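Reading through the structure tokens given below for one structure.
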Amino acid sequence: MTTLHRLPLTPPPIRNETLGSYLHRLAMANNRPARSLAALLGPPPIGFSPISDDTSGWTPQSPANLAALTGRRVEKLARALPALASFLAVPCDHPTQLIGRACRCCSARRRAGTASVFTYIPIHQHLCIRHQRWTRATIDIPLAKLPAVLQAQHRLTRLAHRHRSDEIKDAFCSAQKILRGWTTTQLPIDLTPDWNSRLERIRDHPPGRGISSQDQQLVASFPDTVTLTALVLSPPTGSDARTTYLAATTELEDRYARPYNAPGIRDPLYQYFRKSQIA
Ligand SMILES: [Zn+2]
């Protein structure tokens with residue numbers, strides 16, 4: 001058996017980090033190919049990448065090898081790396097819903113180096129509140145000039161305290177679908193001034209030019225997606241889809257203080273209530 005030596009540079013793992021992310025960061029810090037480093041623990045999974053979190057090729061010796069390479073105790077590594085904890089069958093309370101990129105400022109505070117860090121995050125978390133940065137894009141999007149986006153995240157977090165993560169996920173997806181339907185047909189409430197104002201502030205920031213238009217749109221419409229998510233999670237009580245829909249349009253008029261030009265049965269919001277009442 002080959003004795004593994006500690007790598008010259010061993011950044012610490014970040015809490016709830018994927019194995020792929022940690023191994024890629026170790027490899028980058030030491031100027032080595034990530035795949036060959038991962039192979040010291042066991043055959044890397046097909047398509048090995050920073051979001052990989054697979055120990056299926058590991059042997060009982062693999063955790064000790066990782067400890068030797070990093071100069072860190074297995075127990076300590078397992079507290080940060082859910083896949084290692086799972087391999088060792090030790091309790092781990094990480095959120096299992098989603099693998100996402102951690103905020104650059106948070107990663108820097110934890111001495112993570114320059115590579116992106118991927119961790120398990122709650123399904124409702126779209127941004128870093130502490131550093132006011134949107135993290136669901138290839139680069140962080142500063143939100144200091146977008147208070148509505150920050151407030152929407154707080155609202156979504158409160159909803160997540162009252163609903164299961166699968167309910168939040170489904171409601172958020174339905175809300176996005178309704179908004180997409182509105183933008184491809186006709187917006188029943190004029191949200192264009194709000195979206196344009198937010199898009200301007202995103203593009204004003206120097207990194208704004210590197211952000212895809214799809215990501216810019218997601219950020220700009222996030223407050224409205226969250227408003228619809230809340231409506232989908234707790235719709236007004238109605239005897240049928242039509243009365244529920246009409247009550248919902250009144251709620252939206254009150255919230256936005258703007259008229260709702262109800263297009264009736266063609267409205268994706270009505271279609272949603274009709275389908276959910278049939279289901
Ligand atoms: Zn942060």
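Key figures
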{"quantity": "Quotient of C-alpha Rg and 2.2 N^0.38 Å, computed over segment 1-73", "calculated": "0.99"}
{"quantity": "Spacing of the two label points (7 Å from each Cα toward its C-beta) at Glu200 and Gln214, in nm", "calculated": "2.7 nm"}
{"quantity": "Distant-in-sequence amide H partners of Leu98 (H built 1.01 Å from N, under 5 Å)", "calculated": "Ile121"}
{"quantity": "Viscosity 1.306 mPa s, temperature 10 °C, Stokes-Einstein D of the chain from Kirkwood C-alpha radius, µm²/s", "calculated": "75 µm²/s"}
{"quantity": "Cα-derived Rg to Rh of segment 173-232, Kirkwood definition", "calculated": "0.99"}
{"quantity": "Euclidean distance between Cα centres, segment 169-215 to segment 61-82, Å", "calculated": "43 Å"}
{"quantity": "Residue-count net charge about Ala144 - beta-carbon cut-off 14 Å; Lys, Arg +1, Asp, Glu -1", "calculated": "+3"}
{"quantity": "Trypsin sites (Lys or Arg not before Pro) restricted to segment 1-104 and DSSP loop, no more than 12 other C-beta within 10 Å", "calculated": "Arg6, Arg73"}
{"quantity": "Shape metrics for segment 143-278, restricted to C-alpha atoms - Rg then Dmax, Å", "calculated": "15.3, 51"}
{"quantity": "Cys residues of the chain counted as unpaired, since no other Cys beta-carbon is under 4.7 Å", "calculated": "Cys92, Cys105, Cys173"}
{"quantity": "Calculated on alpha-carbon atoms, Rg and Dmax of segment 19-121 in Å", "calculated": "12.9, 36"}
{"quantity": "Leading residue at positive end of dipole, segment 19-121 (Cβ point charges), from Asn31, Leu84, Pro60", "calculated": "Asn31"}
{"quantity": "Over segment 130-171, equivalent-ellipsoid semi-axes from the Cα gyration tensor in Å", "calculated": "22, 13, 7"}
{"quantity": "Computed [θ] at 222 nm, deg cm²/dmol, the chain (DSSP H ≥ 4; -39,500 (n - 2.57); rounded to nearest 500)", "calculated": "-15500 deg cm²/dmol"}
{"quantity": "Relative contact order of the chain, defined on C-alpha pairs under 8 angstrom at six or more residues apart (%)", "calculated": "15 percent"}
{"quantity": "Loop trypsin sites (Lys or Arg not before Pro), segment 107-136, which have at most 11 other Cβ atoms in a 10 Å radius of their Cβ (DSSP)", "calculated": "Arg111, Arg130"}
{"quantity": "Largest-first ellipsoid semi-axes for segment 90-178, taking √(5λ) over the Cα gyration tensor eigenvalues, angstrom", "calculated": "22, 18, 11"}
{"quantity": "Cα point-scatterer Debye curve for segment 212-275, base-10 log of I(q)/I(0) at q = 0.15, 0.27 Å⁻¹", "calculated": "-0.50, -1.21"}
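Read-outs: derived from the displayed coordinates by stated rules, not from any lab. Note that the coordinates shown come from a computational prediction; the quantities given were computed from them, not determined experimentally. Reconstructed Cβ throughout: ideal geometry from the backbone, glycine too, with neighbour counts over all protein chains shown.
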